[in-house]
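These notes are about the structure you will find just below.
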Amino acid sequence: MPGIVRRRELLAGVGAALIVGALQGCGVGLREPPPNSSPGQLVFPRLRASVDRITRITVCTRPFRAQGPRLDAEQIGRKIIVHNYGHGGSGWSLSWGSSAIAVQKAMATGERDIAVIGCGALGLTSAILLQRAGAQVTIYAKELPPNVRSSLATGLWTPDSRICFEQHATPAFKQTWQAMTRYSFQTYQTLLGLPGNPVEFIDTYTVSDNADTERRHGTATDQRPKFAELQRELVSDLIPRSEEYGPGRHPFDQRYLRRNTLMMFNLVAYSRMLLSDFAVSGGKIEIAEFHTPAELAALRQKTLINATGYGSRALFDDQSITPVRGQLARLIPQPEVNYGLFYKGVSFVPRRDGLVFQAVGEDDYYGFNDATADPDPAEAALAVNTIATLFNGA
């Protein structure tokens, strides 16, 4: 289980036709400045960023595969296993679309009593979509939310975050990714405005000490494989326009800001909603741990969806999975703070279930191939203090 230090880092029906059919994006408006600000002037409720307000530090291991998520089906003994894992930093974001593909393949076997292995983002969405398709579903899992890796995610809409290496982003892969992204995006629009705000839109600001507000993606001499960046190429209509703010238009001294609008997932409320929806529809959960594929033979179901995420590295000996470490420092919530920040390789997300501070580095290789799960208090303090410097004198 991922390490945690207490008190102290994103529809009924399935099938490819439906996935591709639900593809038109929704227009998203940007928030207006508060009424007490001057025209064009940004006003930010003060963020109380200090290490004494840290409530816990959590570490999540993301499952990256160079070729992208595994979504194939294989027969092991008398079981058909449909895989649904390996989404890098895009698990929540792509969960509905990816699970729709897995469910289509599972239902194609003709079985209507189907097992789901794992109870994270991909497991829960697979189970709910199976129910909507008419299946009887049992989830088998060692842990349940909030004690699964998915519960320790950042909680932002990032559908191409470490999704694959650029060299593996073939036309066929791009078509699948786009279908998953659009299906997921449309599903999330149906979850806005619900009690507990499981899903909502926020404005997030990239802050720079100079006029260049772009995040670095390596240098010309960097020989490491590049991660695929697909959003602007394939789903630019889902991205609200950004806006630049120079010195004098915000309270952060002589810095430069770029505003973007994106979805945020309040994972405590969202996970509870998914668990409740699954139970209300007759779903069953059994606590179980599997160490080898052979142990799955004991299950009564003949068709299974494997949604064990990073756990598939051990369970199915999938050495193509590379761990990517992500640590979150969680702080006492501030309901009035409804904006995100990115500054000097640190991300701040205003989750309602606890403010999130995360060192993400200057490129996507930060934490790459690092399976350590021990929390690092020094890294947490650095993340909090980096964001705190924006408010010194503000």
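The values are calculated or read from the model by the stated rules, or taken from the named source; none is laboratory data. What you see is a predicted model; the values in this text were computed from it and never measured. Note that we place each Cβ from the backbone using ideal geometry, even for glycine, and neighbour counts take in every protein chain shown. In case anyone asks, the SASA skips ligands and DNA or RNA and just uses the protein heavy atoms, side chains included. Shrake-Rupley method; radii C 1.70, N 1.55, O 1.52, S 1.80 Å.
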*Under a 5 Å amide H to amide H cut-off, with H placed in plane at 1.01 Å, what residues pair with Cys164 once short-range neighbours are removed?*
Ala228
_What number comes out for accessible area per residue over the stretch 137-178 if the probe is 1.4 Å? Units Å², please._
41 Å²
*Given H placed 1.01 Å from N in the peptide plane, which residues other than close sequence neighbours of Arg352 have an amide H under 5 Å from its amide H?*
none
*If you take the square roots of the eigenvalues of the alpha-carbon gyration tensor of the chain and sort them as a ≥ b ≥ c, do you get rounded (a/c under 1.5), prolate (a/b over b/c) or oblate?*
prolate
_Can you work out the Karplus-derived ³J(HN,Hα) for every residue in the stretch 292-307? Use 6.51 cos²θ - 1.76 cosθ + 1.60 with θ = phi - 60°, whole Hz, and x for glycine or proline._
9, x, 4, 5, 5, 4, 6, 6, 6, 6, 8, 10, 10, 10, 8, 10
*When only Cα pairs under 8 Å and 6 or more residues apart are kept, what is the percent relative contact order across the stretch 129-264?*
32 percent
_For a quick check: with amide H placed at 1.01 Å from N, whose amide H comes under 5 Å from Ala288's, ignoring anything fewer than 5 positions away on the same chain?_
Ala141, Lys142
_Longest to shortest principal axis, alpha-carbon extents of the stretch 253-394, angstrom_ = 64, 37, 26
*Can you count the Lys pairs in the chain whose Cα atoms are under 22 Å apart, with each pair 8 or more apart or on different chains?*
12
*How are the C-alpha pair distances of the stretch 161-320 spread across 10 Å bins, as whole percents from the shortest bin up?*
8, 21, 29, 27, 10, 4, 1
*asked:* If the only charges are +1 at each Lys and Arg Cβ and -1 at each Asp and Glu Cβ, what is the size of the charge dipole of the stretch 83-170 around the Cα centre, to the nearest 20 debye?
replied: 100 debye
*Pop out the carbon and sulfur fraction of the accessible area of the chain as a percent, whole number, probe 1.4 Å.*
52 percent
*With only Lys, Arg, Asp and Glu charged, each at its Cβ (+1 for the first two, -1 for the last two), find how big the charge dipole of the chain is about the Cα centre; round to the nearest 20 debye.*
640 debye
*Taking the Cβ of Met180 as the center, what net charge do the other residues with Cβ under 12 Å away carry, scoring Lys and Arg +1 and Asp and Glu -1?*
+1
*asked:* Antiparallel versus total DSSP beta bridges in the chain: what percent is that, nearest 5?
replied: 65 percent
*Could you bin all the Cα-Cα distances of the stretch 129-214 into 5 Å bins starting at 0 and give me the percent of pairs in each, rounded to whole numbers?*
2, 9, 11, 15, 20, 21, 13, 6, 2, 1, 1, 0
*Skip the ligands, DNA and RNA, and give the accessible area per residue of the stretch 269-311 with a 1.4 Å probe, whole Å².*
51 Å²
*Which peptide among 50-57, 371-378, 62-69 comes first, and what is the full order, when sorted by highest mean count of other Cβ atoms within 10 Å?*
62-69, 50-57, 371-378
*So what J values fall out for the stretch 94-110 if you push phi through Karplus, 6.51 cos²θ - 1.76 cosθ + 1.60 with θ = phi - 60°, rounded to Hz, Gly and Pro as x?*
9, 4, 5, x, 5, 5, 4, 5, 4, 5, 4, 5, 5, 5, 5, 6, x
*For the stretch 283-327 and the stretch 141-173, compute the distance between their C-alpha centroids and round to whole Å.*
16 Å
*Quick one: which of 70-77, 228-235 comes out on top by average Cβ neighbours within 10 Å, and what's the full order, highest first?*
228-235, 70-77
*asked:* As a test of the formula, what do you get for the chain when each DSSP H run with n ≥ 4 contributes -39,500 (n - 2.57) and the sum is divided by the residue count, at 222 nm and rounded to the nearest 500 deg cm²/dmol?
replied: -7000 deg cm²/dmol
